[in-house]
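In what follows, a structure is listed as C-alpha cells, so that the remarks can point back to it.
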Amino acid sequence: MWRLPSSELELLRYVHAEPGVTVSVLARELGLHASNVSATVRGLVNAGHLEREKDPDDGRVVRLKPTLKAEQGMALIENAWAEMFADALKERRTRQEERRTR
C-alpha cells in the first residue's frame with residue numbers, strides 16, 4: 001500500500017483537489033506555517049509526487065500539481081476507503097436484518 005506521513009497525505013489531498021495551488025495558499029488553507037509547507041512540498045517533489053510549475057502570467061509564482069504517481073496513489077487510497085465503507089455498510093445491513101428476524 002502507498003505509505004506517506006499524514007502531513008504529506010493532507011498536502012497531496014489538497015493539491016489533488018486544487019491543482020495549481022500555491023504554497024502560500026496551501027499553508028493558509030491548512031493552517032500551517034509556509035516554511036513547514038515548503039519543506040513538505042520539497043520532499044514530495046523529490047519523491048515524484050508533486051511538480052512545481054511557473055505561473056504563465058507571473059513568473060514569480062510557482063504552482064503545484066500532482067504527478068501521475070500521486071494521482072495513482074490517491075486513487076488507491078480512495079478505492080481502499082470506498083471498500084472499507086462498503087464493507088461497513090454491508091455489515092450494518094446484516095446486523096439490522098438479524099435484529100428484524102429475531
Kindly indicate whether any position in region 4-15 is modelled with pLDDT under 95, of a type outside the set (A, V, I, L, M, F, W, C) and in contact with a Ser or Thr (Cβ under 8 Å, 6 or more places away or on another chain). yes
I'd like to verify a number: residues in region 56-102 that are touching a residue at least 40 places away in the same chain (Cβ under 8 Å) and not charged (D, E, K, R), how many? 9
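Does R13 satisfy the condition of being of a type in the set (D, E, K, R) and in contact (Cβ under 8 Å) with a residue 24 or more places away in the chain?
Values: of a type in the set (D, E, K, R): yes; in contact (Cβ under 8 Å) with a residue 24 or more places away in the chain: yes.
Taking the combined requirement at face value, the residue satisfies it.
The values are calculated or read from the model by the stated rules, or taken from the named source; none is laboratory data. Because the structure is a prediction, the values reported are computed rather than measured. Because the Cβ atoms are built from the backbone with ideal geometry, glycine has one as well, and the counts that use them run over all protein chains shown.
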